[in-house]
Amino acid sequence: MRALLLVVVGALGLARPLGAQAEAGGSAWSPGPVLVERVRRAIGAAWGVEPERLRLEWGGARPEAVPAEDAPFELIGSGATPTWIVAFGPGGRGGPRVAVRAGVEETAVVAARDLERGVVLTEADLASATVVRWGPPARDTVVVAPGWVTRRRIARGEPLREPAVAPPVAVRPGESVRVTWRRGGVTLAMDGTALGAAAVGQRVRVRTETGRRLEGVAVGPALVQIEADRGETP
């Protein structure tokens, strides 16, 4: 990642990569509070989040090209990654360019202790903490809860997010399942065999007792709902 950032910085003519302030010592440039707030507001508008939730890490600028607090600037970047380029000057031309890494402060579910792979989470394993998610804000609303399973070792205090953790499996391959099919006011129920694994809300294929193969959604332990509007018929 650092090597990639150095390439990007060199290609854009930036003075220093992110983190160079710490390496360069006390002579490194740091933006003033007015400029920081202006850039924070611009990124907040681009991402649709409150500026006060943003945390910024700045790259360096050459001493002879330090931008003024009220200097005009343009943001360069898609917003899909943590890194933006702040291009100073009218229309983003004629001035220095500085890299800035942005993240969103959020409340997250974190590991309350060190966890090994394959642990089924309980309330004792979960804690709440304020963390910084580097990059744009998360658009998902999935909340990790007891019953989820770890897929790798997780350190204490680390945010619990997919794919490091996964929801509990509701349907297992080869398991007998109850299959329901609904259309309008008509409901059919039958027994079947799961042909794959799925958590609640995930799609899975099943084989009915007549040998028909259908695809549905896991809605609970050993329960599969067939969606009639997808053309699946028993």
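How would D191, D114 rank on accessible area, largest to smallest, probe 1.4 Å?
D114, D191
Assuming a ≥ b ≥ c are the square roots of the Cα gyration tensor eigenvalues, decide whether region 77-234 counts as rounded (a/c under 1.5), prolate (otherwise, with a/b larger than b/c) or oblate. Since a/c reaches 1.5 but b/c is at least a/b, the shape of region 77-234 is classed as oblate. Let me make sure I get this right: for region 105-193, a, b and c are the square roots of the gyration tensor eigenvalues over alpha carbons, sorted descending. Under 1.5 in a/c it's rounded, otherwise prolate if a/b > b/c, else oblate. Which is it? Prolate, since a/c reaches 1.5 and a/b exceeds b/c. Does region 31-97 come out rounded, prolate or oblate, given a ≥ b ≥ c as the square roots of the eigenvalues of its C-alpha gyration tensor, rounded meaning a/c under 1.5 and, failing that, prolate meaning a/b above b/c? The shape class here is prolate. Each label was represented as a point 7 Å from its Cα along the Cα-to-Cβ direction; for V143 and R62 these points are 5.2 nm apart. Taking amide H as placed 1.01 Å from N in the peptide plane, the amide H of V200 sits under 5 Å from that of A170, each at least 5 places away or on another chain.
The values are calculated or read from the model by the stated rules, or taken from the named source; none is laboratory data. On a predicted model such as this, the values are computed, not experimentally measured, just so you know. Quick reminder, even Gly has a Cβ in these numbers, built from the backbone with ideal geometry, and neighbours come from all protein chains shown. SASA here: full protein model, heavy atoms, side chains in, ligands and nucleic acids out. Shrake-Rupley method; radii C 1.70, N 1.55, O 1.52, S 1.80 Å.
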